[in-house]
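Structure, as structure tokens:
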Amino acid sequence: MYNIQTLNKIAACGTDIFDKSKYAISDAPENPDAIMVRSAKMHDMTFGDNLLCIARAGAGVNNIPVERCAEEGICVFNTPGANSNAVKELAICALLLASRKIVEAASWAASLKGTPDAPKTVEGGKAKFAGPELKGKMLGVIGLGAIGGKIANTAIKLGMKVIGYDPYLSLDAAIHLDPHVQVVKELDDIYKNSDYITIHMPYTPATKNTIDAEQIAMMKDGVRLINLARGELINSQAVVDAIKAGKVAKYVTDFADDIVLGEEDIIVLPHLGASTPESEDNCAVMAAHEIIDYIENGNIKNSVNLPNASMVAAGTKVCIIHKNIPTTIASITTVVGNDGLNIDNMVNASKKDYAYTMMDVAGDVTDAIINDIKAIDGIIRVRVIK
């Protein structure tokens with residue numbers, strides 16, 4: 001029986017996927033084999049020897065000690081694309097909020113309750129909430145992955161002109177882009193030519209303050225900024241200063257901090273990006289499938305710290321997490337051969353400092369063989385799946 005720990009409330013359509021004859025789901029099991037998590041902070045957690053994987057029901061993994069997990073042989077998954085439609089819809093809403101002063105207008109209208117002749121007052125005051133249409137304007141999209149690509153395509157349908165930047169644009173993402181989306185090679189082209197800019201990239205130390213005072217200075221006067229990805233990607237103080245200087249017309253962010261809260265021409269949302277029942281269901285289902293396929297078959301898909309790899313085995317499958325160093329594969333095959341086993345098939349993949357090797361072997365994989373493999377320099381974890 002495998003123990004699955006849930007650190008947050010996970011949609012039942014995800015936890016129901018687990019075969020209850022094989023898996024026990026609980027929010028407080030002893031030494032879990034897998035963890036499903038949404039936003040719970042895990043950096044201070046100590047992980048038991050049984051823990052094989054962590055599945056984040058969402059895209060961002062800032063709440064998980066990803067590198068430490070790799071060092072301990074724990075595979076970390078996320079669920080890319082599962083919440084992309086939810087974020088896309090909010091981004092389109094944010095474009096409109098950035099343009100039409102909808103929030104301010106609604107708040108002002110509500111303040112008229114109980115005043116004499118409110119309908120006439122509304123008609124007389126609506127001019128101060130006028131704003132531009134999206135049609136014909138240039139939208140710059142930073143990051144053209146599952147979310148950014150959908151936003152770019154939808155903006156084209158709204159009559160906008162769209163330019164996008166993504167140095168890691170995958171073939172699959174490129175194929176699904178509307179042909180009218182112009183992909184530029186330099187990020188500065190986004191800053192210099194866009195009327196609206198929306199950012200959709202992961203937060204890392206390298207991407208912190210991707211938009212700062214220097215980048216804002218390149219932008220058109222009256223540019224409108226949207227950040228539904230991660231708060232740290234845009235320097236809050238730089239945006240506030242630019243709004244007060246008249247450089248930035250509007251900023252819509254899904255991330256609250258004391259710098260932006262209550263500031264004029266800044267709309268702060270309470271991290272609503274993926275807050276739809278459909279998105280939570282999609283993420284939970286994807287996370288469950290990732291855990292099951294890894295535990296039962298050793299296959300890795302959508303890992304953020306280990307390489308993706310899969311194999312169909314006719315015999316016994318030996319799955320090895322190891323450091324990505326020369327001669328490791330040769331050492332593994334030598335040990336297996338010397339112990340009298342035949343390797344019918346083998347898959348090896350690497351991701352930065354780590355690698356994953358899967359072998360389909362004929363014969364009995366004894367504890368002695370496993371220990372021989374573990375003794376090889378750089379081996380982190382060995383699992384046998386029959």
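This table checks each residue for (1) surrounded by fewer than 20 Cβ atoms within 10 Å (Cβ to Cβ); (2) polar (S, T, N, Q).
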residue: Thr121; (1), (2): yes, yes
residue: Ala146; (1), (2): no, no
residue: Pro167; (1), (2): yes, no
residue: Ser170; (1), (2): yes, yes
residue: Lys185; (1), (2): yes, no
residue: Ala213; (1), (2): yes, no
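Does Gly73 meet the test of being touching a residue at least 40 places away in the same chain (Cβ under 8 Å), over 18 Å from the mean Cα position of the chain (by Cα) and either open to solvent by 30 Å² or more (accessible area, probe 1.4 Å) or within 25 Å of Val382 (Cβ to Cβ) (or both)?
yes
Would you list the helices (runs of 4 or more DSSP H) that sit entirely within region 185-254 and hold 2 or more residues that are within 16 Å of Leu139 (Cα to Cα)?
187-193, 213-218
Quick test of your reading of the structure: Gln237 fulfils all but one of (1) over 23 Å from Leu90 (Cβ atoms); (2) under 24 Å from the mean Cα position of the chain (by Cα). Name the failing condition by number.
Just one mismatch for Gln237, condition (2).
Under the condition of being more than 13 Å from Glu290 (Cβ to Cβ), exposed (fewer than 15 other Cβ atoms within 10 Å of the Cβ) and in contact with a strand residue (DSSP E or B) (Cβ under 9 Å, 6 or more places away or on another chain), which residue from region 300-328 is modelled with the lowest pLDDT?
Among residues in region 300-328 that are more than 13 Å from Glu290 (Cβ to Cβ), exposed (fewer than 15 other Cβ atoms within 10 Å of the Cβ) and in contact with a strand residue (DSSP E or B) (Cβ under 9 Å, 6 or more places away or on another chain), the one modelled with the lowest pLDDT is Ala314.
Residues that are without any contact (Cβ under 8 Å) to a residue 24 or more places away in the chain, open to solvent by 30 Å² or more (accessible area, probe 1.4 Å) and in contact with a helix residue (DSSP H, G or I) (Cβ under 8 Å, 6 or more places away or on another chain): does region 265-287 have at least one?
Yes, some residue in region 265-287 is without any contact (Cβ under 8 Å) to a residue 24 or more places away in the chain, open to solvent by 30 Å² or more (accessible area, probe 1.4 Å) and in contact with a helix residue (DSSP H, G or I) (Cβ under 8 Å, 6 or more places away or on another chain).
Residue by residue, here is whether (1) surrounded by fewer than 20 Cβ atoms within 10 Å (Cβ to Cβ); (2) among the aromatic types (Phe, Trp, Tyr); (3) touching a residue at least 60 places away in the same chain (Cβ under 8 Å) holds:
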site: Ala24; (1), (2), (3): yes, no, no
site: Cys53; (1), (2), (3): no, no, yes
site: Arg100; (1), (2), (3): yes, no, no
site: Val103; (1), (2), (3): yes, no, yes
site: Gly114; (1), (2), (3): yes, no, no
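Residue check: is Gly81 at pLDDT below 95, under 30 Å from Ala249 (Cα atoms) and part of a loop (DSSP other than H, G, I, E, B)?
Answer is no for this residue.
The conditions are (1) open to solvent by 70 Å² or more (accessible area, probe 1.4 Å); (2) within 20 Å of Pro202 (Cβ to Cβ), and Gly60 fails exactly one of them. Which is it?
Only one criterion is unmet by Gly60, namely (1).
Scan region 125-179 for residues that are part of a strand (DSSP E or B), closer than 17 Å to Ala229 by Cα and of a type outside the set (Ser, Thr, Tyr) and jot them down.
Correct list: Leu139, Gly140, Val141, Ile142, Gly164.
Answer yes or no as to whether Ile259 is at negative phi, in contact with a Ser or Thr (Cβ under 6 Å, 6 or more places away or on another chain) and open to solvent by 50 Å² or more (accessible area, probe 1.4 Å).
Answer is yes for this residue.
Yes/no matrix, rows are residues, columns are (1) out of contact with any Ser or Thr (no Cβ under 6 Å at 6 or more places or on another chain); (2) aliphatic (A, V, I, L, M); (3) within 21 Å of Gly58 (Cβ to Cβ):
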| residue | (1), (2), (3) |
| --- | --- |
| Asp166 | yes, no, yes |
| Val181 | yes, yes, no |
| Asp195 | yes, no, no |
| Lys220 | yes, no, no |
| Leu233 | no, yes, yes |
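Assuming Glu290 fulfils every condition listed in (1) within 13 Å of Ala349 (Cβ to Cβ); (2) surrounded by 20 or more Cβ atoms within 10 Å (Cβ to Cβ) apart from one, which condition is it?
(1)
The values are calculated or read from the model by the stated rules, or taken from the named source; none is laboratory data. The structure presented is a predicted model; accordingly, all values stated were derived computationally and were not measured. For neighbour counting, all protein chains shown are included, and Cβ atoms are generated from backbone atoms with ideal geometry for every residue, glycine included. Note: accessible area is taken over every heavy atom of the protein model, side chains too, but ligands, DNA and RNA are not part of it. Shrake-Rupley method; radii C 1.70, N 1.55, O 1.52, S 1.80 Å.
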